[in-house]
1. When ranked by the protection proxy of mean other Cβ atoms within 10 Å per residue, highest first, what sequence do the peptides 26-32, 12-18 form?
2. Show that you can apply the helix-only estimate: for the chain, add -39,500 (n - 2.57) for every DSSP H stretch of four or more residues, divide by all residues, and state [θ] at 222 nm to the nearest 500.
3. For the chain, compute the number of Lys pairs whose alpha carbons are separated by less than 16 Å, excluding pairs fewer than 8 positions apart on the same chain.
4. State whether the chain is rounded, prolate or oblate according to the following rule on the C-alpha gyration tensor (a ≥ b ≥ c being the square roots of its eigenvalues): a/c under 1.5 gives rounded; otherwise a/b larger than b/c gives prolate, and the remaining case gives oblate.
5. State the percentage of accessible surface on the chain attributable to carbon and sulfur atoms; use a 1.4 Å probe and exclude ligands, DNA and RNA.
6. Nearest 10 degrees, 0 to 90: what angle lies between the long axis of helix 20-41 and the longest principal axis of the chain (Cα atoms)?
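The values are calculated or read from the model by the stated rules, or taken from the named source; none is laboratory data. Treat the numbers as computed from the prediction; the structure is a model and nothing was measured. Glycine gets a Cβ as well: all are built from the backbone with ideal geometry, and neighbour counts include every protein chain shown. Please note that ligands, DNA and RNA were not included when accessible areas were found on the heavy atoms of the full protein model with its side chains. Shrake-Rupley method; radii C 1.70, N 1.55, O 1.52, S 1.80 Å.
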Amino acid sequence: MVTKEKLKDYAAKLMFDMDDEGYDRTLEEFETVEKHMALIGEIENIENIEPMTFPYVIYHADLREDVACDCLTNDEVLANAKETKANQVKVPKVVGE
(Lines give C-alpha, C1' and ligand atoms only; values in the text may rest on other atoms or scores of the structure.)
Protein backbone atom coordinates (compact mmCIF):
# COMPACT_ATOMS: atom_id res chain seq x y z
CA MET A 1 0.00 0.00 0.00
CA VAL A 2 1.26 3.45 -0.86
CA THR A 3 1.42 5.97 1.98
CA LYS A 4 2.24 9.67 2.10
CA GLU A 5 5.49 8.80 3.91
CA LYS A 6 6.51 6.41 1.11
CA LEU A 7 5.68 9.03 -1.51
CA LYS A 8 7.82 11.60 0.31
CA ASP A 9 10.67 9.09 0.55
CA TYR A 10 10.46 8.26 -3.16
CA ALA A 11 10.26 11.95 -4.05
CA ALA A 12 13.36 12.68 -1.99
CA LYS A 13 15.24 9.86 -3.71
CA LEU A 14 14.20 11.29 -7.08
CA MET A 15 15.25 14.77 -5.91
CA PHE A 16 11.90 16.53 -6.05
CA ASP A 17 9.24 17.60 -3.60
CA MET A 18 5.58 18.61 -3.65
CA ASP A 19 3.32 20.44 -1.26
CA ASP A 20 0.92 18.39 0.90
CA GLU A 21 -1.90 18.95 -1.57
CA GLY A 22 0.22 17.34 -4.31
CA TYR A 23 0.95 14.31 -2.14
CA ASP A 24 -2.75 13.97 -1.24
CA ARG A 25 -3.77 14.15 -4.91
CA THR A 26 -1.13 11.56 -5.83
CA LEU A 27 -2.36 9.26 -3.05
CA GLU A 28 -5.91 9.54 -4.43
CA GLU A 29 -4.62 8.59 -7.87
CA PHE A 30 -2.80 5.55 -6.45
CA GLU A 31 -5.99 4.48 -4.65
CA THR A 32 -7.90 4.71 -7.93
CA VAL A 33 -5.28 2.59 -9.69
CA GLU A 34 -5.36 0.02 -6.87
CA LYS A 35 -9.17 -0.21 -7.15
CA HIS A 36 -8.91 -0.77 -10.91
CA MET A 37 -6.26 -3.45 -10.40
CA ALA A 38 -8.49 -5.20 -7.86
CA LEU A 39 -11.37 -5.17 -10.37
CA ILE A 40 -9.14 -6.61 -13.07
CA GLY A 41 -8.06 -9.34 -10.64
CA GLU A 42 -11.71 -10.40 -10.27
CA ILE A 43 -12.05 -11.28 -13.97
CA GLU A 44 -12.43 -15.03 -14.42
CA ASN A 45 -9.55 -16.84 -16.15
CA ILE A 46 -7.54 -13.62 -16.50
CA GLU A 47 -4.36 -15.59 -15.88
CA ASN A 48 -5.02 -17.46 -19.15
CA ILE A 49 -5.19 -14.29 -21.26
CA GLU A 50 -2.08 -13.35 -23.21
CA PRO A 51 -0.89 -9.81 -22.38
CA MET A 52 -1.09 -7.33 -25.23
CA THR A 53 1.59 -4.86 -26.10
CA PHE A 54 -0.66 -2.45 -28.00
CA PRO A 55 -4.47 -2.44 -27.98
CA TYR A 56 -4.98 -1.70 -31.68
CA VAL A 57 -3.93 -3.37 -34.91
CA ILE A 58 -1.65 -1.05 -36.86
CA TYR A 59 -2.06 -1.33 -40.62
CA HIS A 60 -0.09 1.73 -41.65
CA ALA A 61 3.15 0.88 -39.88
CA ASP A 62 5.93 0.61 -42.42
CA LEU A 63 8.79 -0.64 -40.28
CA ARG A 64 12.19 -1.36 -41.71
CA GLU A 65 13.76 -4.75 -41.24
CA ASP A 66 16.21 -4.81 -38.36
CA VAL A 67 19.54 -5.60 -40.00
CA ALA A 68 22.84 -5.72 -38.17
CA CYS A 69 25.52 -3.46 -39.61
CA ASP A 70 29.15 -2.69 -38.90
CA CYS A 71 29.69 -1.62 -35.32
CA LEU A 72 32.03 1.07 -34.08
CA THR A 73 35.21 -0.01 -32.36
CA ASN A 74 35.69 0.83 -28.71
CA ASP A 75 38.30 3.45 -29.67
CA GLU A 76 35.89 5.08 -32.13
CA VAL A 77 33.18 5.25 -29.49
CA LEU A 78 35.49 6.76 -26.88
CA ALA A 79 37.17 9.21 -29.28
CA ASN A 80 34.69 12.04 -28.62
CA ALA A 81 34.02 11.32 -24.95
CA LYS A 82 34.92 14.17 -22.64
CA GLU A 83 36.17 11.77 -19.96
CA THR A 84 36.77 8.01 -19.89
CA LYS A 85 37.57 5.49 -17.19
CA ALA A 86 38.27 1.75 -17.54
CA ASN A 87 37.60 1.91 -21.28
CA GLN A 88 34.11 3.37 -20.70
CA VAL A 89 32.54 6.83 -20.97
CA LYS A 90 32.60 8.46 -17.54
CA VAL A 91 29.48 10.49 -16.68
CA PRO A 92 28.68 12.64 -13.63
CA LYS A 93 26.96 10.99 -10.70
CA VAL A 94 23.28 11.97 -10.66
CA VAL A 95 21.90 10.15 -7.61
CA GLY A 96 22.51 10.64 -3.92
CA GLU A 97 23.56 8.04 -1.43
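1. Numbers: 26-32: 12.6, 12-18: 10.1.
Answer by packing, highest mean first, reads 26-32, 12-18.
2. On the way: 3 runs with 37 residues, N = 97.
After summing the helix terms and dividing by the residues of the chain, the value is -12000 deg cm²/dmol.
3. Details: Lys4/Lys13; Lys13/Lys93; Lys82/Lys90; Lys82/Lys93; Lys85/Lys93.
Within the chain, the lysine pair count is 5.
4. Numbers: a/c = 3.14, a/b = 1.27, b/c = 2.47.
In terms of gyration-tensor shape, oblate.
5. Working: 5460 of 9780 Å².
For the chain, the apolar C and S fraction of the accessible surface comes to 56 percent.
6. The answer is roughly 80 degrees.
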